[in-house]
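All remarks here apply to the structure that follows.
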């Protein structure tokens, strides 16, 4: 949000320079992101407000803060009532009072359609980053910036009778001011005349009732919409507006009529016209109420770490426009109607700390004892995994746990999406079930900026289950793209492939030692290329995946390699065991097998380990060869190296040959393999 400094000083001038004012606001939690020059050269504050400070989304709101922080007087800005000159009015119905408990409006007729927006309004809108458009639109925007109350202007001749605030009918259509056509759901609040919806309440007006250069009669709308009735709808519709920004955080429920009067004053002064009476429809029981908060003196001192004089505390609370009653234990405080963020005692303590100044609270060294975290042998420390991957050239990424549905959908097989009730944006609307979409976005961002070689990984929580039963698991995911090795003169360039990714997974799994029962088995995954993906198993339990990105998801470039491991299962550890190192020589036998195409090499390795006996120390794959001409079939030749060793004696050829023969017999019988001589 941007505010013209000169405009702010009209409301409250603390008598300090622009830099000092900006610094003090930032120190008090109203962060000034920058202090820049406006279009006319005047200073402009750029504020980065937190969601809880809805009251500061206006010049008046920031002026209140300045007044409280500097003990400077707030310029009285009482808006005079403009008496009705005509009887024209439109009734305003509260069909959904729980969502719109206050709906104010006023008819103004006889406007000069050619009237220009006053120069001071144009200048202040421009400083705030708004483009001046039309007198009526400019005035409603100006009042919103000045007072924090969004408004809307309807062309009288384009309305059909009276208005009401109601929930949309399922499938009801509405064309907005920007031309967007919406099909509304039943949880979207609308402003409707007697025939159709004319605005998405709290978000944007409709095209069919918009003012234009020929408008001579207008209906001004100023309403209070409950934050829960607006929150999330704008993001879901892809329409984050200045109005929705304020309504979903909370506007002052007592300021609607005042905004109507202020807008009337400005419009009549610039464009003439005769105003009708103000119509103010209110459902008192549905308006938010500010309850009394008990602030205890002892609790205030305990949380601040310092005692403050009672008179100072009372003065600071009153400067924040709160009603204060002093009691024996402390204070009974009633927050103003525009402070939605004040609900409990700790909130008041924070306000006292802000106004008193965090820098004025003395530092007190904490007395505490360090307790080292418990160590376990049941799990490999994830930091060891991080160190291993960094040593292998990876960079760690950190992404949001939220994704957009479209980029997320290809990476999980069915099931209901875990949608957020109030997403930050349409691009962060569902809980992630996979880390891969985030890594792919990281990779593509870097690739589009000239960095095609990438090794990325992330360790984070993924979600599964249903909206009523959400489960969390920590996963590791990795992405390899580009060259398998750094560019060099000693070896030709080779792109990273499936086996590079698998090798990295095997290195991670080996952190707990060899022979931990992991198996790689070919399987299909919706996000991976068919024929180039494997499921990682531990026994019969799935612990991860390795494979090449599906070509349909490759975004026109080379498909990167992906890996994923569920950490609780993949890094489950057993206590280390001491094993004697053999002093006797190892014996190696090589087998050249011809296996049918349906036989997986992993199955061959598993069968050999199971049948060759306890003297077998290791089985390695030293060759895979496919050639229809030489093999006369679709079969492939697989070369296995069997390494035997005993810790107590030198093995004889006879016992090694016997173990090899047993293994070969099983392979022939179980898989139909042939042995090449």
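Translational diffusion of the chain was estimated from the Stokes-Einstein equation, with Rh taken as the Kirkwood radius over Cα pairs; at 25 °C and 0.890 mPa s the coefficient is 78 µm²/s.
Considering Cα pairs under 8 angstrom that are at least six residues apart, work out the relative contact order of the chain and quote it in whole percent.
Relative CO of the chain lands at 9 percent.
Relative to the longest principal axis of the Cα atoms of the chain, helix 436-447 runs at roughly 80 degrees.
Enter the angle in degrees (range 0 to 90, nearest 10) between the Cα long axis of helix 345-356 and the first principal axis of the Cα atoms of the chain, meaning the one along which they spread out most. With rounding to tens, the tilt is 70 degrees.
When 583, 158 are sorted by how many other C-beta atoms sit within 10 angstrom of their C-beta, beginning with the fewest, the order is 583, 158. Considering helices alone, the calculated mean residue ellipticity of the chain at 222 nm is -8000 deg cm²/dmol, with DSSP H runs of length four and up weighted by -39500 (n - 2.57) and normalised per residue. Shape summary: region 587-675 maps onto an equivalent ellipsoid whose semi-axes, from the alpha-carbon gyration tensor, are 26, 12, 11 Å in decreasing order. The distance from the alpha carbon centre of region 551-617 to that of region 323-372 is 60 Å, rounded to a whole number. Put simply, the convex hull of the Cα atoms in region 434-545 casts, on average, a shadow of 9.4 nm². What is region 2-70 by shape, rounded, prolate or oblate, if you read a ≥ b ≥ c off the alpha carbon gyration tensor as root eigenvalues and call it rounded for a/c under 1.5, prolate for a/b larger than b/c, and oblate otherwise? It is rounded, given that a/c, with a ≥ b ≥ c, falls under 1.5. Straightening the chain between residue 472 and residue 400 buys 24.5 nm, computed as 0.36 nm per residue apart minus the Cα-Cα spacing.
Where does region 468-527 land on the Kirkwood hydrodynamic radius, alpha-carbon pairs, in angstrom? All intermediate terms of the calculation are to be shown ahead of the outcome.
Numbers: mean 1/r = 0.0673 Å⁻¹.
For region 468-527, the Kirkwood estimate is 14.9 Å.
Rank the residues 108, 293 as a footprinting-exposure proxy: fewest other Cβ atoms within 10 Å of their Cβ go first. Kindly include the intermediate steps, with their values, before the conclusion.
Values: 108 27, 293 18.
Fewest to most other Cβ atoms nearby, the residues stand as 293, 108.
Judged by the gyration tensor of its Cα atoms, with axes a ≥ b ≥ c, region 507-598 is oblate; a/c meets the 1.5 cut and b/c is at least as large as a/b.
Relative contact order of region 511-583, please, whole-number percent, based on alpha carbon pairs below 8 angstrom and at least 6 residues apart.
On the way: 104 pairs, mean separation 16.7, N = 73.
Relative contact order of region 511-583: 23 percent.
The P(r) of region 290-390 has a tail past 17 Å containing 61 percent of all C-alpha pairs. Based on every Cα atom in region 251-298, Rg and the maximum pairwise Cα distance Dmax equal 17.6, 59 Å. Secondary structure note: in region 92-286, about 90% of the DSSP beta bridges are antiparallel.
Restricting to bridges with both residues inside the chain, how much of the DSSP beta-bridge set is antiparallel, in percent to the nearest 5?
Numbers: 108 of 113 bridges.
Of those bridges, close to 95 percent are antiparallel.
Taking the longest Cα principal axis of the chain as reference, the axis of helix 382-391 is set at about 80 degrees.
Distance from the C-alpha centroid of region 153-173 to that of region 485-534: 60 Å, rounded to the whole angstrom.
In terms of surrounding Cβ atoms within a 10 Å radius of their Cβ, 204, 5 rank from fewest to most as 5, 204.
Kirkwood analysis of region 92-286, using all unique Cα-Cα pairs, places the hydrodynamic radius at 16.5 Å.
Values in this text are rule-based calculations from the coordinates and carry no lab data. What you see is a predicted model; the values in this text were computed from it and never measured. FYI the Cβ positions are ideal-geometry reconstructions off the backbone, even for glycines, and counts take in every protein chain you see.
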